[in-house]
Amino acid sequence: MTVPDRPARPKVIVTRELTDGVMARMEELFDTRLNREDRALTRAELEAAVADADVLVPTITDRIDADLIAKAAPRLKLIANFGVGVDHIDLHAARERRILVTNTPGVLTEDTADMTMALILSVPRRLGEGEKLIRAGAWDGWKPSGMLGHRVNGKTLGIIGMGRIGRAVARRAQGFGIRTIYHNRHRLPEGVEAELGARFVDLDALFAQSDIISINCPHTPETHHLVNADRLAQMRSDAYLVNTSRGEVLDEDALIKALESGQIAGAGLDVYVNEPHVDPRLLHLPNTVLLPHMGSATYEGRAAMGEKVIANIRAWVDGHRPPDQVLEGWD
Ligand code: DGY
């Protein structure tokens, strides 16, 4: 059945290479334009690509701002983002032009939580430094004073943002004997708190009491620079910070100063403000573990993200509300 004003085979622009299975299925179902070169499109290329498309499938490497949306309208009807975070899309401009936005929640929760946990373990136990020591041929053998770090068992983890990923991190923390406190826009139901072994606190308490803080909230106007110089000053000097959300939730400059001065003990980062550019000052800090935005980078996760994109486009073609329509960002 075709739905009025919904083409049965919409023209779909995919800005990056996806898994082979997902790309093949998209070509079967839609009039799909792929980016086989798999490099971020330039602004001019992106503008030309969206000018006569029904659906755009962007990723975090594309800036979908009001100007681009104006150029894509009136034909563009759906932005089916490949990824859960949508802070690179001007949701307000899309809504004004009646363009739907969807994302891919749920399928990358466990992978991102695993990577968060990996950083929670790596930073206090100095995994990055240990690895570099071996590769530099500089390890002179075991000694009681060698590579001492801090124990995580029995410590307090402060999770900022208790959505799907935050809760998955709390579940993992329980297995490591870590206590969890958290802050979220809304307090979780008591039963969920009990199941996660997590206690709701205000941000002041979270920053003052945590041995390790993990940022798991989305980047929105409300969370922009939520972790700033004042908040970092509330942390103890033996506490660590981990960020697998978005670089912009942190004031990166303030973080670097706090790391350089020893105001906090270390940081594990998977995300940065100007990706792929990483502030060179971070590269020289031994008390950091730095990863290239790979929290959700599993074969399984990428395939499932692609399936979600396809399901969202198909629902729209069939005249239904796409299952992952974004209303106010993600959690
Ligand atoms: C996500 O899905 O938000 C990942 O961070 C990549 O954009």
Exercise for review: Taking all pairs of distinct Cα atoms, average 1/r, flip it, and tell me the Kirkwood hydrodynamic radius of the range 205-331 in Å to one decimal place.
Suggested key: 16.4
Revision key, fill the gap. Scoring only Lys, Arg, Asp and Glu (+1, +1, -1, -1) among other residues with Cβ under 9 Å from the Cβ of ALA168 yields +2
Check your understanding: Where does the range 74-128 land on Rg/Rh, using Cα atoms and the Kirkwood Rh?
Key -> 1.25
Check your understanding: What nm value, rounded to one decimal, do you get for the distance between ARG135 and ARG63 when each label is placed 7 Å out toward the C-beta?
Key -> 3.2
Practice item. Please tell me the relative contact order of the range 221-331 in percent, rounded to the nearest whole number, where contacts are Cα pairs under 8 Å and at least six residues apart. Key: 20
Review point. Using Cα atoms only, what is the angle between the long axis of helix 164-175 and the major principal axis of the chain, expressed in degrees (0 to 90) to the nearest 10?
Key: 30
Review point. To the nearest 500 deg cm²/dmol, what mean residue ellipticity at 222 nm is calculated for the chain from DSSP H runs of n ≥ 4 alone, each contributing -39,500 (n - 2.57), summed and divided by the residues?
Key: -10500 deg cm²/dmol
Exercise for review: Distance between Cα centroids, the range 1-46 to the range 234-299: provide it in whole Å.
Suggested key: 34
Exercise for review: Can you spot the aspartates and glutamates whose alpha carbon is less than 18 Å from LYS257's alpha carbon? Ignore those fewer than 8 places along the same chain.
Suggested key: ASP230, ASP238, GLU248, ASP279
Practice item. Calculate the tail of P(r) for the chain: the fraction of all Cα-Cα distances greater than 32 Å, expressed in %. Key: 35
Exercise for review: Would you give the gap between the C-alpha center of the range 169-199 and the C-alpha center of the range 147-161, rounded to a whole Å?
Suggested key: 14
**Study point:** Cα gyration tensor category, rounded, prolate or oblate, for the range 1-66 with a/c compared to 1.5
**Key:** oblate
Check your understanding: So what is the accessible area of the chain per residue, in Å², with the probe set to 1.4 Å?
Key -> 48
Exercise for review: Quick one: order GLU222, GLU28 from most to least accessible surface, probe 1.4 Å.
Suggested key: GLU222, GLU28
Exercise for review: Specify the angular offset, from 0 to 90 degrees and rounded to the nearest 10, of the alpha carbon long axis of helix 299-317 from the longest principal axis of the alpha carbons in the chain.
Suggested key: 30
Review point. In percent, how large is the relative contact order of the chain, given Cα pairs closer than 8 Å and 6 or more residues apart?
Key: 19
Check your understanding: Which FRET efficiency value, to the nearest 0.05, do you get for ARG187 and VAL273 by plugging their Cβ-Cβ distance into 1/(1 + (r/R0)^6) with R0 = 25 Å?
Key -> 0.25
Exercise for review: Report Rg (one decimal) and Dmax (nearest whole number) for the range 113-231, counting Cα atoms only, units Å.
Suggested key: 16.4, 52
Review point. In a shell of Cβ-Cβ distance under 10 Å around GLY154, excluding GLY154 itself, what net charge do Lys and Arg (+1) and Asp and Glu (-1) give?
Key: +2
Check your understanding: What does the charge count near ARG231 come to, summing +1 for each Lys or Arg and -1 for each Asp or Glu among other residues with Cβ under 10 Å from its Cβ?
Key -> -3
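The values are calculated or read from the model by the stated rules, or taken from the named source; none is laboratory data. Just so it is clear, the model here is predicted, and its values are computed rather than measured. When we count neighbours, we look across all protein chains shown, and the Cβ atoms used for this are built from the backbone with ideal geometry, even at glycine. SASA here: full protein model, heavy atoms, side chains in, ligands and nucleic acids out. Shrake-Rupley method; radii C 1.70, N 1.55, O 1.52, S 1.80 Å.
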